[in-house]
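Working notes, beginning with the structure itself.
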Amino acid sequence: MVWTVIAKRVVGRRRKLSAVLALSSAVLLTAAACGPGGPSSVPPVPLDSGIRGFVQLGPTCPVETRDVPCTTPYVAVLVILDLEQQEVTRVTSDPDGRFEVLLAPGEYTIAPTPGGDPLPSASPQAVSVVAGSFAEVEINYDTGIRGAE
């Protein structure tokens with residue numbers, strides 16, 4: 001009787017092991033078929049292209065002249081959209097207003113999120129990313145303060 005219980009456990013474990021091995025083989029075959037050179041191979045996103053830039057808030061002074069602009073770096077969330085206006089990623093500028101995002105070559109729109117209701121706000125910008133380089137942009141959030149001309 002004890003041997004019967006042990007035998008059933010061993011057979012059960014072998015069946016589980018066989019199922020796990022069969023599943024593992026299927027996963028490995030699928031990965032191999034989809035790997036480099038496979039029929040559904042997707043090229044990796046290059047690590048040498050994208051968008052980098054500077055976000056600023058301005059004017060921040062009640063009186064601004066053409067010779068002395070009155071702007072400050074701004075922390076903002078920027079939504080990156082593809083040609084179909086689908087979100088690709090989001091990036092947040094640092095306290096110095098700088099940001100960088102890696103992207104595959106192509107056409108994108110930077111959609112700055114509103115900083116308040118209704119201000120500060122910034123307009124969307126179209127950007128072209130070329131292989132092997134970074135598109136440089138400046139995002140200007142408007143405070144609504146108007147200075148002397």
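Checking each residue in the stretch 127-136 for being exposed (fewer than 11 other Cβ atoms within 10 Å of the Cβ) and in a strand (DSSP E or B) picks out S128, E136.
Go over the candidates P69, P112, P73 one by one and state the one that is surrounded by fewer than 17 Cβ atoms within 10 Å (Cβ to Cβ) and either among the small types (G, A, S) or at pLDDT 95 or above (or both). None of the other options fit; the residue is P73. Considering only residues that are part of a strand (DSSP E or B) and surrounded by fewer than 18 Cβ atoms within 10 Å (Cβ to Cβ), look in the stretch 116-126 and name the one that is modelled with the highest pLDDT. Among those that are part of a strand (DSSP E or B) and surrounded by fewer than 18 Cβ atoms within 10 Å (Cβ to Cβ), it is A126. A single entry from G132, G106, G97 fulfils the requirement of being touching an Asp or Glu at 6+ places or on another chain (Cβ under 6 Å) and under 24 Å from L47 (Cα atoms): G132.
The values are calculated or read from the model by the stated rules, or taken from the named source; none is laboratory data. Remember, it's a predicted structure, so these values are computed and weren't measured experimentally. Please note: Cβ atoms are built from the backbone with ideal geometry, for glycine as well, and neighbour counts cover all protein chains shown.
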